[in-house]
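So the structure is just underneath, and the comments pick up after that.
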Amino acid sequence: MSTLLRYLSISALAMSAMLLTINANAIELRGSHKANHVACKSCHTKGMKQAGTMEGCLSCHQSYEAVRALTEGKTDLEVNPHIDGHMGELDCTECHHIHKPSKAVCNECHGFDFVTP
């Protein structure tokens with residue numbers, strides 16, 4: 001086997017391994033979505049190459065009002081962004097991420113001590 005052919009074979013194997021690793025990370029769900037075996041297409045309503053949509057969130061979580069009601073009695077929250085927020089009804093995906101850690105948009109200006117699932 002020529003040196004060039006061996007190099008190309010090794011390069012192809014390395015590239016395949018890298019792509020499999022990236023692909024495996026891309027499909028890893030977190031939190032309750034993982035625990036409840038949520039199907040990818042439930043969130044990716046515009047296709048797998050597009051990010052999850054508010055439409056996808058609300059297909060399970062019903063409405064923004066339902067989310068407010070669900071989080072209303074949380075005594076561990078310093079402030080409830082779904083109720084007390086002054087930014088209006090943001091897209092769920094502004095704060096909540098399924099494939100990476102979520103982050104509270106509120107904390108771009110404030111210093112609230114709550115966990116964003």
Checklist entry - Among the residues of segment 80-100, is any within 19 Å of ALA39 (Cα to Cα), surrounded by fewer than 14 Cβ atoms within 10 Å (Cβ to Cβ) and either at pLDDT below 85 or within 13 Å of the chain's Cα centre (by Cα) (or both)? => result yes
Item to check | Enumeration of residues in segment 28-45 that are without any contact (Cβ under 8 Å) to a residue 40 or more places away in the chain and part of a helix (DSSP H, G or I) | outcome: LYS34, ALA35, CYS40, LYS41, SER42
Next on the checklist: I'd like to verify a number: residues in segment 101-111 that are surrounded by 13 or more Cβ atoms within 10 Å (Cβ to Cβ) and of a type outside the set (Gly, Ala, Ser), how many?
Outcome noted: 4
Checklist entry - Hey, among the residues in segment 41-60 that are exposed (fewer than 14 other Cβ atoms within 10 Å of the Cβ) and not small (Gly, Ala, Ser), which one's nearest to GLU89 (Cα to Cα)? => result GLU55
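The values are calculated or read from the model by the stated rules, or taken from the named source; none is laboratory data. Predicted model, so just to flag it, every value in this text is computed and none were measured. Glycine gets a Cβ as well: all are built from the backbone with ideal geometry, and neighbour counts include every protein chain shown.
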